[in-house]
1. Give just the number: which of (1) without any contact (Cβ under 8 Å) to a residue 40 or more places away in the chain; (2) under 18 Å from the mean Cα position of the chain (by Cα) does Gly235 not satisfy?
2. Can you tell me which residue within region 99-127, out of those that are not in a loop (DSSP other than H, G, I, E, B) and not hydrophobic (A, V, I, L, M, F, W, C), is least open to solvent (accessible area, probe 1.4 Å)?
3. What number of residues in region 123-135 are among the small types (Gly, Ala, Ser) and under 19 Å from the mean Cα position of the chain (by Cα)?
4. Tell me whether region 251-273 contains one or more residues that are at negative phi, outside any strand (DSSP E or B), without any contact (Cβ under 8 Å) to a residue 12 or more places away in the chain and surrounded by fewer than 21 Cβ atoms within 10 Å (Cβ to Cβ).
5. Might you check whether a residue that is surrounded by 18 or more Cβ atoms within 10 Å (Cβ to Cβ), outside any helix (DSSP H, G or I) and aliphatic (A, V, I, L, M) occurs anywhere in region 284-307?
6. Looking at this structure, is Ser130 surrounded by 15 or more Cβ atoms within 10 Å (Cβ to Cβ), small (Gly, Ala, Ser) and assigned to a helix (DSSP H, G or I)?
7. Out of region 140-197, which residues are of a type in the set (Val, Ile, Thr), over 30 Å from Ser305 (Cα atoms) and either open to solvent by less than 10 Å² (accessible area, probe 1.4 Å) or part of a helix (DSSP H, G or I) (or both)?
8. Any idea which residue in region 308-340 is nearest to Phe177 (Cα to Cα), counting only those that are open to solvent by 20 Å² or more (accessible area, probe 1.4 Å) and in a loop (DSSP other than H, G, I, E, B)?
Amino acid sequence: MLTNADPDISTHVKALSSSTLSTSKPDFHGATSTVLDALIGKEYYPIEEEGASDTHSNTHVKVKSRLNAAIYPVKDKIPDVNSPQVQAWVSEIDWAKVPNIPVAPQHPQVKHFPLCPPQGQENKEACWWSCTGCVAKTDVITCPNSKAWGLTYDDGPSPATWSMMKHLGEMKLTATFFIVGSRVVEFPEVLMEQVAQGHHLGMHTWSHAGLTTLTNHQIVAEIKWTEKIIRDVTGLTMKYVRPPYGDTDNRVREILRQMGYTTVIWTVGWDTNDWRILENQVQETEVLQDFKNVVERAGSIKSQSGKAAGPISLQHDLSESATWLSTRLIPLGQAKGLMPMNLATCLSDNTPYRRGSKLGPGGATQKPNGGDSKGMARGMPGMEEADFGSDANFPTGSGSMSERGVKLCGFKQTMAYAAVGLAAVAFAMLTV
């Protein structure tokens, strides 16, 4: 169970909620020549800078976004719910279907981190994962195949994401990156390269606030603004969402469902705690040993129906220390027969986005608008008709290659899948 009195959790949450990433653009090292050409020729432009050499040529190239930041909310702040954009999105929700569960109180020392009630006083009908470990049938926390390992990274994009992608590319792996929307304003080129390399993108809200601590309208604002900026940059509409800190209950789940999202948490014990190294709370050797112990028990992971299942891990791409750790954790799992892969592949999901196109070299075929759309859909600057409508009922049948059902093109991975289930729930866990 999450205990809000835990100083480690409080310290970590404070650091994440107040973190300010560098505004300098990272060198475009490791970029495929295809995506480099696409970025320079379309939505991005090159800047000559001494010492920033591109690995695919002798030129000195950096890529800077032309994203119109002015139309988006303030970074790391909950968006204004009274804006006409948010009010239009709010009107799309059938609020009669949303459970009447109170907004969770905030931790007195950590803003927008939930404060759990005393043990035994929890609302059982809420199925509040953060405070009771309750998992709904629709939550994703395991891979159906016991040998599959869902590799996921939270809280980017950041300068460290480049190193993580380089590391994964060298290992011929793709992963799922859960994106914090407000950080895309700073690093849109990271998302373009993630798409080009065949990685899978998921939703991680705009400001990284615990969703149970937000009002209904704030939840909508957090999700829809993130959805918009990712689509503006990549042309893709997300399908999977990981609530910050895993903080969800049945109120949050229903709002997310109506907006077309599937909730993803992680397998109990598979939070790698890589963030604690950055906080100087643990040593790398401790994290590595803990992970070795978890890997040894991987064979005991079960779905809700009791079938063998594979893990979904939680890591981060906010620091070079996290990248360093990942280079050591992945081989430990592989040595025990686990196959790291992105979440969509782990779930055998051939339609990993609600709207978009296939991934791979060249990226999404839907043209990103860079937030500079001339369309004035519904009278709001920067809005397009695609920014409205939840897409919740879009067809997602296996194999569809329409704009509403897309295949994920990463590296080849072969597996036989068991029925999708949910892992057993523990009541003692750390989170982010």
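The values are calculated or read from the model by the stated rules, or taken from the named source; none is laboratory data. None of the values given here were measured: they were computed from a predicted structure. Reconstructed Cβ throughout: ideal geometry from the backbone, glycine too, with neighbour counts over all protein chains shown. Remember, those area values only see protein heavy atoms, side chains included, never the ligands or the DNA or RNA. Shrake-Rupley method; radii C 1.70, N 1.55, O 1.52, S 1.80 Å.
1. Exception for Gly235: condition (1).
2. Pro114
3. Counting residues in region 123-135 that are among the small types (Gly, Ala, Ser) and under 19 Å from the mean Cα position of the chain (by Cα) gives 1.
4. no
5. Within region 284-307, one or more residues are surrounded by 18 or more Cβ atoms within 10 Å (Cβ to Cβ), outside any helix (DSSP H, G or I) and aliphatic (A, V, I, L, M).
6. yes
7. The answer is Thr161, Ile179, Val180, Val184, Val190, Val195.
8. Filtering first and then ranking leaves Leu318.
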